[in-house]
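Written out below as structure tokens is the structure these notes cover.
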Amino acid sequence: MTAFGIDLGTTKSCIAYVDDAGHPVVIRTAPSVVYFERKDSVVVGAAAKNAALLAPDLAVQLVKRQMGRKDADYAFHGTRYTPESISALILKELAAAAERRLGHPVRDVVITVPAYFGVAERQATRQAAEIAGLNALDVLAEPVAAALSGPPAEGVRHLLVYDLGGGTFDISVIRVDGVDASVICTDGDHRLGGADWDARIRAYLLEAFAEQHPGLVPTADEVFMQDLWIKAEQLKEELSSAPTRDKDLRFAGAVARVELTRRRLEELTADLLDRTMKITQETVERARRHGVTEFDEVVLVGGMTRLPAVAARLEELLGRTPRHHEPDLAVVRGAAMFALARQSRQADRLGITAAEAESMRSRRVTTVIPRGFGVRVLDHNDPLARTDPMRARTYVIHLLPAGTRLPADSGPVTFTTVLDDQPVIEVEVWEQSGRDSSEELADNTLIGRGKLRDLPPELPKGTPIHITFFMGETGLLTVHAVEPVSGRELRFDLQIGGLDQAAVDKAKTAVARHDISS
Ligand code: AMP
């Protein structure tokens, strides 16, 4: 059975597969919008996006921003939905489109996620697939997918992936070593994207309309405003290939013809592009601190990188011409190639050479934890640690630091008791909350705790306690603490993010009941 790559995007999603000739083929691209038309009846995609303009209360957009959040839920027509089940509705629509095209059921998929997604968000994405009745072979970082969409190359290569989409900006440094790919560092602005460019153009168009028809106030007119949204985006896209364009704006019998040049568009939005370049420069500097001083390739991803100014500024900054081939499809194509690689049986029927098939098959992508996990410990350097340990400084030691590959095993790490005759040890598990690793409690979040009780009496302070963290690829963290002399131990599991299995099963039944149209 064919395996599919799915780019489950913030504003737009797509599905692709690799055809018999070994070429990735994109089957469907649709806005990531779900419109809850009636009970158990939803619309997904372009029609949902249009319906959302008129009835925004019945539509969900940008659900990706809520993935992995336990406190996010929605209710429509008396039914509650989690971000996972809304994403599942999008996935089902894409799968249905692929089934119609290829005439057989879709089951195995690889879904891409942003590189900054933590274990919780990745697990939520896997669960969205499960709720949709799909089997997620893997979740793959988007910049890695983009890097894999290019021709395979020998040796260790470093790629800078600049991704500017409709609603988000991401920049990542990827290391590809033959068949092994991983993210070295990543940053971005998740509130910056094409929509901000569109807003500037709308303001410009409105001003021009007001200049030509000073007596008219069209802003309260829904149809005019909808048309303005569409024309602004069209203008932006057309100016990627034409130096100048004009649009007619009509209101109350009046017409205003407004011209916009590419140059003027670049002036109107210069600060937005500057923001992406500043983050890019900072990321390049961080990569340098990780020993990456040169890039073998600069890869453009996202529809917005079709703006000529993007490639020009990057070339200025990095001295290298970016790879620019259908940037809005690079991620889904790479995901399809990776899905094929994960499904070795399939390569046999491909019209590609045995060596190419083997190279694809053996491609591995390492899942690393983007944020560290650790325990809270007492700072023995604080003088209070001796006199009043309960008030002394505590901090977090990461047993699994950011960047650790999954599955990960910290091995036993030795800590010590703080008091004489200490009867109980509280093991607190903390997850790094910021981008950079820090031992301060304020930069970490408490995610769970357990108690190692009934320690034998008369243990002197400083008695060793071994703590081990093990994390599997689905984000299940097992914590083990043991006092080695008595053998007293504590073991508990924490599912980092996602829903419990009962909730997944329930959502699966609920989603299966829905009639989905596009
Ligand atoms: P993506 O999420 O990667 O599909 O990017 C979508 C964004 O890219 C939207 O803001 C589109 O308006 C924008 N976009 C698509 N095509 C072009 C183009 N030819 N020139 C400029 N922006 C574009």
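The magnitude of the dipole of the range 194-268, with charges of +1 and -1 set on the Cβ of Lys/Arg and Asp/Glu and taken from the Cα centre, is near 180 debye. With the convex hull drawn over the C-alpha atoms of the chain, the volume per residue is 189 Å³. Think of it as helices only: each DSSP H run of n ≥ 4 in the chain is worth -39500 (n - 2.57), and spread over all residues that comes to -10000 deg cm²/dmol at 222 nm.
One chain, two ends: Glu285 and Glu440. Fully extended at 0.36 nm per residue, the span grows by 53.4 nm beyond their Cα-Cα distance.
Dipole of the range 390-518 computed with +1 at Lys/Arg Cβ and -1 at Asp/Glu Cβ about the Cα centre; of Leu419, Leu406, Ala502, farthest Cα towards the positive end is Ala502.
Label separation (Asp57 vs Val368): 4.7 nm, computed from points 7 Å beyond Cα along the C-beta direction. Under 5 Å from the amide H of Asp19 lie the amide H atoms of Val25, each residue being 5 or more positions distant or on a separate chain, with H modelled from the backbone and absent for Pro and chain starts.
The magnitude of the dipole of the range 257-307, with charges of +1 and -1 set on the Cβ of Lys/Arg and Asp/Glu and taken from the Cα centre, is near 200 debye. Free of any GluC sites (Glu not before Pro) that DSSP assigns to a loop and that have at most 14 other C-beta atoms within 10 Å, the longest stretch within the chain is 1-153. By accessible area, using a 1.4 Å probe on protein heavy atoms only, the chain has 50% of its surface on carbon and sulfur. Rolling a 1.4 Å probe across the protein heavy atoms gives the range 399-458 an accessible surface of 55 Å² per residue. Relative to the longest principal axis of the Cα atoms of the chain, the long axis of helix 308-318 makes an angle of roughly 40 degrees. Rounded to the nearest 20, the size of the Cβ-charge dipole of the chain about its Cα centre is 740 debye, with Lys and Arg at +1 and Asp and Glu at -1.
Look at the Cα gyration tensor of the range 67-210: its axes a ≥ b ≥ c give a/c of at least 1.5 with a/b at or below b/c, and that counts as oblate.
Annotation for the range 427-505: trypsin sites (Lys or Arg not before Pro) lying in DSSP loop with at most 12 further Cβ atoms inside 10 Å of their Cβ are Arg453.
The label point for Ala72 and the one for Leu384, both projected 7 Å from the Cα toward the Cβ, are 3.7 nm apart.
A 1.4 Å probe run over the range 194-268, with the rest of the protein chains in place, finds 57 Å² accessible per residue.
The gain in end-to-end length when the Asp246 to Lys39 segment is fully stretched comes to 70.2 nm, 0.36 nm per residue minus the alpha carbon separation. Helix 119-131 axis versus longest C-alpha principal axis of the chain: approximately 60°, rounded to the nearest ten.
Placing unit charges on the Cβ atoms of the charged side chains and taking the dipole of the range 450-518 about its Cα centre, the candidate lying farthest along the positive direction among Gly462, Ser486, His514 is His514. Under the simplified labelling scheme, the Asn135-Asp221 pair shows an inter-label distance of 5.6 nm, with each label point 7 Å from Cα along Cα→Cβ. Annotation: extensible slack from Ala512 through Val424 equals 26.9 nm (criterion: 0.36 nm per residue apart, minus Cα-Cα distance). Solvent exposure of the range 19-60, expressed per residue, is 45 Å² of accessible area, with all protein chains present and a 1.4 angstrom probe. Counting only the Cα atoms, the range 194-268 fills a convex hull of 77 Å³ per residue. In the chain, Cα pairs under 8 Å separated by at least six residues give a relative contact order of 17 percent. Partners of Lys39 within straight-line reach, counting lysines whose Cα lies under 22 Å from its Cα and excluding those fewer than 8 residues away in the same chain: Lys49, Lys92, Lys506, Lys508. Taking the longest Cα principal axis of the chain as reference, the axis of helix 501-512 is set at about 20 degrees.
The values are calculated or read from the model by the stated rules, or taken from the named source; none is laboratory data. Note that the coordinates shown come from a computational prediction; the quantities given were computed from them, not determined experimentally. As a convention, Cβ positions derive from the backbone with ideal geometry for all residues, glycine included, and neighbour counts pool all protein chains shown. The protein model used for the area step is the full one, side chains on, heavy atoms only, and it has no ligands, DNA or RNA in it. Shrake-Rupley method; radii C 1.70, N 1.55, O 1.52, S 1.80 Å.
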